Amino acid sequence: MTDDHARPTPPSTPLTRPANGAEVVVDALIRQGVDTIFAYPGACSMPLHHAFLLHPNQIRVILPRHEQGGGFAAHGYARSTGRPGVCMTTSGPGATNLITTIADAKLDSIPIIFITGQVQRASIGSDAFQEVPMIEICGSITKQHYLVTDVRDLPRIVKEAFYIATTGRPGPVLIDIPRDILTSPIDAAFDTPEDFEQYYNPPMNLPGYVGIAPEISATQLATIAQMIRESKRPVIYAGGGVISSEASEVLSQFVRQSGIPVTTTLMGLGCFPSKDPLGLHFLGMHGATTANFAVNEADLLLAFGVRFDDRVTCNVEKFASHGRIVHVDIDPSEIAKIKKPTVAIVGDLRQILTRLLALQCHPNESLQPWYDQINGWKQSEPLHWNPVNGWISAQMAIDRLWQMTHDRDDMIITTGVGQHQMWTAQFYHFKRPRTWISSLGLGTMGFGLPAAMGAKVAHPEATVIDIDGDGSFQMNIQEMATCTCEKIPMKVLLLNNQHLGMVVQWEDRFYDKHRGHTYLGPIDHPEWRGAGDGLGPADRFPNYVGIAQNYGWAGRSIAHVDELDDGLRAMLESPKSFLLDVAVPYQEHVLPMIPPGYSVENMIRN
């Protein structure tokens, strides 16, 4: 490990002597290449906010309307760029409002720096006003965490935080800073440019941490190449690790050379075009039937940058049980954690795929019989939906949006969590990495709107659309104000069924259709209570278009098929933030579905 590994080139900054710890933190962030931070102020973080005011042209401070909104905006920034997102709050409730976003980053391997204010050092442990032990609370959901106790440690800690967040398997790092550290004066010499460089680039102190991938032996690679040559029904199972290692392009080259079909996880969507002839789309609980059948029948499964999570494997014992497995991942703790592979390699996926390319890996025999079988599944088991008598279904709306935008290179899609999320994964076909942004490991409702906000800040030239459900959308609806006040024009396609759709689906399938508080409309509304067709009246509650307009957005509400194209065009062409409220039926189910604990043999298809 070298101290200057992956150091960014900092923007030119005036050599101004920092007066206190807060100014050191801000200077250190700028030197790490940070250009945007999502930050909500409070008593213990106020010194940092005033330090940011010294650099208005170098770092943009965006004020969310809720700390969770700021945390998920940092997700959108990081997931769409691959660079660390940064967010900040004060102590106590401000800090605890970030916990869900921290856990989300840990499960999805997202590099985010979380900075929280803390009560002064002398008050720690005394149950002081707005004191919570963030380090203890977040110990298991961060990749690393710091409680700063000496102002002299700030430059080192900030440098280490970015190094840890971005090397190896990416993840979140928490820096908890007492207020008196932020206001402490700085006792250091700043007479020459060298003094600044030495101060802000100290040696790191990371005993035991290995941020650089180990070397891969030629023997390991030769073994994999031989397994590929011997295979007759190979499948590549590609996950989020392909995207985080920036290996999408080399994966595509490997697929072209080897001719091996590709299925992805939900985290891996976009690492290989799902509409490609060799694409099988995503696999798992709600994945394409073709992908699940192919993995079930494969004699060789090349698992690249995946962790065999339960929504993919369902029944672990029966998952991919007919062939050999090669597992490649940057994180050694994932190897054999869930599924024991035949061959495992810990290393950087892009480097490994590059070296496999040089070995000219392709099966010795023609894969045409395997292609014929796969194409037969594609034709007989396509993803589809049933029309609903002139009304708009959620699947139809998403499919039509894809048809209208699939040839554009400026599209970024985020989602909330629920049925709309799975339908987006099924019917909006992604062809490039970092254009699909969704909470997948933690499955956090309320993710879509603030994540879209962060992605739009990172890509102001892009068209960013949050495809959301009404239940998920309301959980961070306040960030509509942030979009207006901060001039972040984005769009929401709201699939409004007045229910918690995915929970309703489970009630229908596993609870004999008994309803347990899954209806979101007014309980005394006779046209909605028990909703016969699930579409409801034109004045359904709440009036999302009215809410949008009160937040300074444009909006439109539609319910019938003949309104869909005009509504989508209005959303896409609007120069300002736009919400398209689409009434959809609540009785629709996301299919196919493999019930939890079951295998592909038990897949529900209708």
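One table, with the values for the structure above:
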quantity: Any hit, region 113-123, residues being within 18 Å of the chain's Cα centre (by Cα) and under 20 Å from VAL24 (Cα atoms); calculated: yes
quantity: Tabulated pairs, region 363-387, first closer than 30 Å to ALA559 by Cβ, second surrounded by 11 or more Cβ atoms within 10 Å (Cβ to Cβ), C-beta under 7 angstrom, 6+ apart or interchain; calculated: LEU383/ALA288; LEU383/GLN426; LEU383/PHE427; TRP385/SER393; TRP385/GLN395; TRP385/MET396
quantity: Only listed residue being open to solvent by 10 Å² or more (accessible area, probe 1.4 Å), in contact with a strand residue (DSSP E or B) (Cβ under 9 Å, 6 or more places away or on another chain) and not polar (S, T, N, Q), chosen from GLY139, GLY70, GLY94, GLY125; calculated: GLY139
quantity: Residue list for region 67-87, filter: within 12 Å of PHE114 (Cα to Cα) and in a loop (DSSP other than H, G, I, E, B); calculated: PRO84
quantity: Out of PRO64, PRO41, PRO56, sole residue that is in contact (Cβ under 8 Å) with a residue 24 or more places away in the chain, surrounded by fewer than 24 Cβ atoms within 10 Å (Cβ to Cβ) and outside any helix (DSSP H, G or I); calculated: PRO41
quantity: Criterion (at pLDDT 95 or above and either farther than 28 Å from THR223 by Cα or open to solvent by 10 Å² or more (accessible area, probe 1.4 Å) (or both)) met by exactly one of THR264, THR289; calculated: THR289
quantity: Long-range neighbours under 7 Å by Cβ, at least six apart or interchain, first residue among the hydroxyl-bearing types (Ser, Thr, Tyr) within region 230-246, second in a helix (DSSP H, G or I); calculated: TYR237/VAL295; SER245/LEU349; SER245/ARG350
quantity: The one condition in (1) open to solvent by less than 10 Å² (accessible area, probe 1.4 Å); (2) over 26 Å from MET396 (Cβ atoms); (3) among the aromatic types (Phe, Trp, Tyr) that TYR511 fails to fulfil; calculated: (1)
quantity: Enumeration of residues in region 514-551 that are under 18 Å from LYS491 (Cβ atoms) and either at pLDDT below 95 or open to solvent by 30 Å² or more (accessible area, probe 1.4 Å) (or both); calculated: ILE547, GLN549, ASN550, TYR551
quantity: Residue among ALA247, ALA225 that alone is open to solvent by less than 10 Å² (accessible area, probe 1.4 Å) and in contact with a Phe, Trp or Tyr (Cβ under 9 Å, 6 or more places away or on another chain); calculated: ALA247
quantity: Of the criteria (1) farther than 18 Å from ALA451 by Cβ; (2) modelled with pLDDT of 95 or more; (3) of a type outside the set (A, V, I, L, M, F, W, C), which one PRO56 fails; calculated: (2)
quantity: Residue identified as touching an Asp or Glu at 6+ places or on another chain (Cβ under 7 Å) and open to solvent by less than 20 Å² (accessible area, probe 1.4 Å) among GLY448, GLY471, GLY454, GLY441; calculated: GLY448
quantity: Condition met for GLU249 (under 24 Å from the mean Cα position of the chain (by Cα) and acidic (Asp, Glu)); calculated: yes
quantity: Conditions (1) touching a helix residue (DSSP H, G or I) at 6+ places or on another chain (Cβ under 7 Å); (2) surrounded by 24 or more Cβ atoms within 10 Å (Cβ to Cβ); (3) more than 24 Å from LEU107 (Cα to Cα): number failed by GLN478; calculated: (2)
quantity: Hey, PRO170 under 30 Å from ILE99 (Cα atoms), buried (at least 23 other Cβ atoms within 10 Å of the Cβ) and under 28 Å from the mean Cα position of the chain (by Cα) or not; calculated: yes
quantity: Any hit, region 89-102, residues being hydrophobic (A, V, I, L, M, F, W, C) and more than 25 Å from CYS485 (Cα to Cα); calculated: yes
quantity: Search result, residues across region 121-143 that are more than 23 Å from LYS159 (Cα to Cα) and either of a type in the set (D, E, K, R) or touching a residue at least 60 places away in the same chain (Cβ under 8 Å) (or both); calculated: ASP127, GLN130, GLU131
quantity: Residue satisfying all of: in region 228-244; open to solvent by 10 Å² or more (accessible area, probe 1.4 Å) and out of contact with any Ser or Thr (no Cβ under 7 Å at 6 or more places or on another chain); farthest from PHE272 (Cα to Cα) among these; calculated: GLU230
quantity: Flag if LEU383 is in contact with a helix residue (DSSP H, G or I) (Cβ under 7 Å, 6 or more places away or on another chain) and either in a loop (DSSP other than H, G, I, E, B) or hydroxyl-bearing (Ser, Thr, Tyr) (or both); calculated: yes
quantity: Count of residues meeting criterion [over 34 Å from the mean Cα position of the chain (by Cα), in a loop (DSSP other than H, G, I, E, B) and hydrophobic (A, V, I, L, M, F, W, C)] in region 188-233; calculated: 3
quantity: Test for SER321: is it closer than 27 Å to THR289 by Cβ, of a type in the set (Ser, Thr, Tyr), in a loop (DSSP other than H, G, I, E, B) and open to solvent by less than 70 Å² (accessible area, probe 1.4 Å); calculated: yes
quantity: Count - residues of region 325-348 that are assigned to a helix (DSSP H, G or I) and in contact with a strand residue (DSSP E or B) (Cβ under 6 Å, 6 or more places away or on another chain); calculated: 1
quantity: Scope region 289-318; condition assigned to a strand (DSSP E or B) and either out of contact with any strand residue (DSSP E or B) (no Cβ under 9 Å at 6 or more places or on another chain) or of a type outside the set (A, V, I, L, M) (or both); matching residues; calculated: PHE304
quantity: Those residues of region 59-93 which are under 19 Å from ALA161 (Cβ atoms) and more than 24 Å from the chain's Cα centre (by Cα), in sequence order; calculated: THR90, SER91
quantity: Whichever residue in region 173-187 is more than 36 Å from the chain's Cα centre (by Cα) and open to solvent by 40 Å² or more (accessible area, probe 1.4 Å) and, among such residues, is modelled with the lowest pLDDT; calculated: ASP187
quantity: Subset of region 555-582 (residues that are surrounded by fewer than 22 Cβ atoms within 10 Å (Cβ to Cβ) and part of a strand (DSSP E or B)); calculated: ARG556, SER557, ILE558, HIS560
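The values are calculated or read from the model by the stated rules, or taken from the named source; none is laboratory data. If you're wondering where the values come from, they're calculated on a predicted model, not measured in any experiment. Positions of Cβ are backbone-derived with ideal geometry, glycine not excepted, and every protein chain shown enters the neighbour counts. For accessibility, only protein heavy atoms count, side chains too; no ligands or nucleic acids. Shrake-Rupley method; radii C 1.70, N 1.55, O 1.52, S 1.80 Å.
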